[in-house]
1. Leaving out ligands and nucleic acids, and using a 1.4 Å probe, what accessible area per residue does the chain come to in Å²?
2. Of the accessible area of the chain, with the probe set at 1.4 angstrom, what percent is carbon plus sulfur?
3. Taking Cα atoms of the chain, Rg/Rh with Kirkwood Rh, to two decimals?
4. Starting from the amide H of VAL54, placed 1.01 Å from N in the peptide plane, find each other amide H under 5 Å away whose residue is 5 or more places distant or on another chain.
5. With every protein chain present, what accessible area does TYR26 have (1.4 Å probe, heavy atoms only), rounded to the nearest 10 Å²?
6. Please get the size of the charge dipole for the chain, origin at its Cα centre, with Cβ charges of +1 on Lys and Arg and -1 on Asp and Glu, quoted in debye to the nearest 20.
7. If contacts are Cα pairs under 8 angstrom and at least 6 residues apart, what is the relative contact order of the chain in percent?
Amino acid sequence: QVLSDVFNAPVYTIDTTNSACLGSAYRAIHGLVAETNVSLADVVKLAPEPRLAVTPTTGAEELYRPLLKRYAELEQKVIYNPTSSC
């Protein structure tokens, strides 16, 4: 629910163990076949069907939008001037 609220997006899950590892594996396969112009969408066609797990809580966007903006600003400071104090 937290991810859905913070990023104001629905969260889907798949019925598999270690779905993050599965995603990495699909990206690796895509990298291996990149020269053949196969899209990532084509690579993951055999993936399990995602299931809607949660949707954003009403009003959460108003809370998290300014925080995400501040986070992005701080991240840019670190990336472009890593020795400065935030």
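1. I get 81 Å² per residue for this part.
2. 60
3. On the Cα set of the chain, Rg over Rh gives 1.11.
4. The list, which skips near neighbours in sequence, is VAL11.
5. 40
6. 160
7. Worked out over the chain, it gives 43 percent.
The values are calculated or read from the model by the stated rules, or taken from the named source; none is laboratory data. Note that the structure is predicted; figures quoted are calculated from it, not measured. Cβ coordinates were reconstructed from backbone atoms using ideal geometry, including for glycine residues, and neighbour counts include every protein chain displayed. These accessible areas exclude ligands, DNA and RNA; they are computed on the full protein's heavy atoms, side chains included. Shrake-Rupley method; radii C 1.70, N 1.55, O 1.52, S 1.80 Å.
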